[in-house]
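Read-outs throughout are calculated quantities, based only on the coordinates presented, and are distinct from any laboratory measurement. Quick caveat: nothing in here was measured; it's all calculated off a predicted structure. Note that each Cβ is placed from the backbone with ideal geometry, even for glycine, and that neighbours are counted across all protein chains shown.
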């Protein structure tokens, strides 16, 4: 199916464990993003990527690692999960908007992560 | 330091009336602004965008206004429908990059 998919949709883990959230898009979009959504903070950018092997830190990168070996995949790894990383994580990819020329982000359905 | 702010966490409007959602920003280096709608357990979906060189953009029931001097963005929904009940996020793209900064969101409830 075309689109952007995230897995797992729900994950419960323990403090100190490594967790990887997967993101896959089928449009061949160049740009991909990871955001986390928390009450009172809205959506905050963790990491983003312009193309394979090109990644940049966002607003809240500490504790996260990303890679982009293929254009369609952008996994997010929590190397040693902490309770403060309990959140809903959204992956997105971007495409130009014909009306305004902006790059419009298309989001996945999200991955809800609970760290106990 | 929140560069994009949505100061109203929630808003209730009667069906058929106008909904106005507001967003303020502090950085003059944004070149595009976007609005997203989010339903529970789903990812945000794109609604409408505006370039920083424009002051208005319309798409059906949705109109976005940009006041650069006030660093203020607003989304008007006319007429409001119960299906519009969702959380709305404004977002700003940093000029010269593909980095998007989002606001904290406003929960809109349209009452039937």
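The figures follow:
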{"item": "DSSP-defined antiparallel bridges as percent of all bridges, chain B, nearest 5", "result": "90"}
{"item": "Inter-chain shielding of B:38-45 (mean C-beta neighbours from other protein chains, 10 Å cut-off)", "result": "5"}
{"item": "Simple spin-label estimate for residue A:9 and residue B:53 in nanometres, 7 Å along Cα-Cβ", "result": "4.3"}
{"item": "For chain A: relative contact order, % (alpha-carbon pairs under 8 angstrom, 6 or more apart)", "result": "34"}
{"item": "Ranked packing of B:17-25, B:3-11, most packed first, by mean Cβ within 10 Å", "result": "B:17-25, B:3-11"}
{"item": "Cα-Cα separations in chain A greater than 26 Å, expressed as whole percent", "result": "15"}
{"item": "Principal axis box of the range B:4-111, alpha-carbon based, largest edge first, Å", "result": "40, 28, 23"}
{"item": "Average projected area [Cα convex hull, the protein assembly as shown], square nanometres", "result": "12.3"}
{"item": "Relative pair counts by distance (%), Cα atoms of the range A:43-82, 5 Å bins", "result": "6, 25, 31, 24, 12, 3"}
